[in-house]
Amino acid sequence: CAHEHLPEYGINDPEVAAALDASPEDLVVFSGYPGEIVRAPLIDAGLQLLHMHTGSLPEYRGSTTLYYALLNDDDITVTALILNAGIDTGEVVFKKTFPRPATGTDLDCHLDPIIRADTLRDVAELYVKGQMTTSSQATRGRTYFVIHPLLRAIAARKLQDGKTS
């Protein structure tokens, strides 16, 4: 498995599209900057862009869904999906649910990357075994965008207080 480091900032940079177009790979793991949305022409290039989304799809689309799940007392879930032109509407590859984090857990710098990496490991095992499959999502669900700092603080406080409802 080869890799190439590109100095460009964003996934939608033409240099990134050219490098991926020249790649023999048909599946690429996408882990972008927060709020970064893959757009045409890259999204239409025929590559499968695999992403680990910290939200149960289709219920939690968009960014910062980990916080919305905590606010709603829902499970913390990572959904592996193949990106398409919509916001978190691509085909689902795998879902994994995790226990609520311990009091004081740093959600952004500790929990989020760990649960994404853990899920990616499981998906990679399925891919290597030739057992990775996809399924279409239901159309229901809600799209969440960047969470307000006050709601982020409330979610973190709720976790700190150990409240479940």
Test: Thr77 is of a type outside the set (Phe, Trp, Tyr), in contact with a helix residue (DSSP H, G or I) (Cβ under 8 Å, 6 or more places away or on another chain) and assigned to a strand (DSSP E or B): yes
Long-range neighbours under 6 Å by Cβ, at least six apart or interchain, first residue touching a residue at least 24 places away in the same chain (Cβ under 8 Å) and among the polar types (S, T, N, Q) within segment 79-105, second open to solvent by 70 Å² or more (accessible area, probe 1.4 Å) and not in a loop (DSSP other than H, G, I, E, B): Thr79/Lys95; Thr103/Gln160
Residue match in segment 42-50 (condition: modelled with pLDDT of 90 or more, assigned to a strand (DSSP E or B) and open to solvent by less than 50 Å² (accessible area, probe 1.4 Å)): yes
Residue within segment 128-142 that is at positive phi and free of Cβ contacts under 8 Å to residues at least 40 places away in the same chain present: yes
Selection from segment 58-74 of residues that are touching a helix residue (DSSP H, G or I) at 6+ places or on another chain (Cβ under 9 Å) and in contact (Cβ under 8 Å) with a residue 40 or more places away in the chain: Glu59, Tyr60, Gly62, Thr64, Leu66, Tyr67, Tyr68, Leu70, Leu71, Asp73
Those residues of segment 95-113 which are open to solvent by 90 Å² or more (accessible area, probe 1.4 Å) and outside any loop (DSSP other than H, G, I, E, B), in sequence order: Cys109, His110
Residue list for segment 117-157, filter: closer than 15 Å to Leu81 by Cα, aliphatic (A, V, I, L, M) and in a loop (DSSP other than H, G, I, E, B): Met132, Ala138
Conditions (1) modelled with pLDDT under 90; (2) surrounded by fewer than 19 Cβ atoms within 10 Å (Cβ to Cβ): number failed by Thr64: (2)
Tabulated pairs, segment 19-34, first assigned to a loop (DSSP other than H, G, I, E, B) and open to solvent by 30 Å² or more (accessible area, probe 1.4 Å), second modelled with pLDDT of 85 or more and among the charged types (D, E, K, R), C-beta under 6 angstrom, 6+ apart or interchain: none
Hits in segment 136-148 - residues which are at pLDDT 80 or above and open to solvent by 60 Å² or more (accessible area, probe 1.4 Å): Ser136
Failed item in (1) more than 22 Å from Val123 (Cα to Cα); (2) open to solvent by 60 Å² or more (accessible area, probe 1.4 Å), with Val16 passing the rest: (2)
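The values are calculated or read from the model by the stated rules, or taken from the named source; none is laboratory data. Note that the structure is a prediction, hence the values are computed from the model and not measured. Note that we place each Cβ from the backbone using ideal geometry, even for glycine, and neighbour counts take in every protein chain shown. Protein only, heavy atoms only, side chains kept; ligands, DNA and RNA dropped before computing areas. Shrake-Rupley method; radii C 1.70, N 1.55, O 1.52, S 1.80 Å.
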